[in-house]
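Nothing in this text is a laboratory measurement; each read-out follows from the coordinates by a stated rule. The model shown is predicted, which means the values in this text are computed figures rather than measured ones. Note: ideal-geometry Cβ built from the backbone for every residue, glycine included; neighbour counts use all protein chains shown.
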Amino acid sequence: MAARRVGVMGGTFDPIHVGHLAAASEVAYRLALDEVVFVPTGLPWQKATAAVSPGEDRYAMTVLATEGDARFSVSRSEIDRPGVTYTVDTLTELAAGGDELFFIVGADALAGLPTWHEPARIMDLAHLVGVTRPGHLVDVAAFPPGSVTLVDVPALDVSGSDCRSRVGRGAPITYLVPQPVVDYIATHGLYAGSA
Ligand code: ATP
Ligand code: MG
């Protein structure tokens with residue numbers, strides 16, 4: 001039996017928004033993926049100085065945002081792993097199931113990937129899929145020729161940071177994040193102090 005084609009979309013998802021969902025959906029369609037696993041990060045070492053919402057909140061929001069789509073699932077792998085978490089360990093764990101992995105990253109994340117922990121092993125474990133993102137140039141110069149598949153996704157200029165600051169100043173995030181996530185943020189008082 002052919003290996004299942006599984007997309008892996010990592011992120012802080014603080015909160016998850018339509019930019020993430022549209023990108024995952026488009027890549028699933030274009031690369032004929034069987035599934036996309038969303039992996040909320042544990043302690044993102046490159047964001048460790050910035051305040052990140054508790055993993056359980058980010059996990060809950062990611063579940064709420066994806067549960068209506070049969071192609072999407074959510075992994076607790078990183079939020080359950082103690083200490084600083086690395087993508088390479090997550091991919092190693094996921095690859096053990098025998099699936100063919102496609103690691104999906106936005107243009108901004110792709111630019112930083114060569115500075116991540118063990119980038120060469122990341123690329124051994126998964127095909128890299130770079131997706132377009134408004135305001136960021138897709139640059140593959142740092143990668144071996146042919147090692148990154150680029151996918152143009154519908155341009156949605158939405159970010160977690162902007163959603164957080166919107167909540168902080170009382171501006172709406174309706175339609176920028178799925179309604180159950182809007183409700184979760186309100187109920188749990190997330191981002192109230194965000195600027
Ligand atoms: P923050 O502003 O907190 O960094 P973010 O919107 O960048 O939040 P992340 O969780 O950091 O969201 O991103 C997870 C992944 O999704 C990254 O690979 C990122 O490049 C990608 N991504 C995020 N928003 C978009 C978007 N609007 N279009 C395409 N890709 C996106
Ligand atoms: Mg980001």
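FRET efficiency for the pair E56 and A95, taken as 1/(1 + (r/R0)^6) with r the Cβ-Cβ distance and R0 = 22 Å, rounds to 0.25.
Once both labels are positioned 7 Å from their Cα atoms along Cα-to-Cβ, the gap between R169 and A141 label points is 3.4 nm. Rounded, prolate or oblate: which fits the range 68-195, taking a ≥ b ≥ c as square roots of the Cα gyration tensor eigenvalues, rounded meaning a/c under 1.5, else prolate when a/b beats b/c? Prolate.
Sequentially through the range 52-67, phi angles give Karplus couplings (6.51, -1.76, 1.60; θ = phi - 60°) of 10, 4, x, x, 5, 5, 5, 5, 4, 5, 5, 5, 4, 6, 10, 5 Hz, Gly and Pro residues having no value and appearing as x.
Relative to one another, the C-alpha centroids of the range 96-164 and the range 56-70 are positioned 21 Å apart. Compared with the alpha-carbon gap, the fully stretched path from L150 to A70 is longer by 26.4 nm at 0.36 nm per residue.
Calculate the dipole size of the range 53-118 relative to its Cα centre from +1 charges on Lys and Arg beta carbons and -1 charges on Asp and Glu beta carbons; express the result in debye to the nearest 20. Don't skip to the answer; put the middle values down first.
Details: 4 positive and 12 negative charges, 15 e Å.
Magnitude of the dipole: close to 80 debye.
Amide H to amide H distances under 5 Å link G106 with V131, where only residues 5 or more positions off or on other chains count and H is placed in the peptide plane. Extending 7 Å from the Cα toward the beta-carbon at both A22 and Q179 defines two label points whose distance is 2.0 nm.
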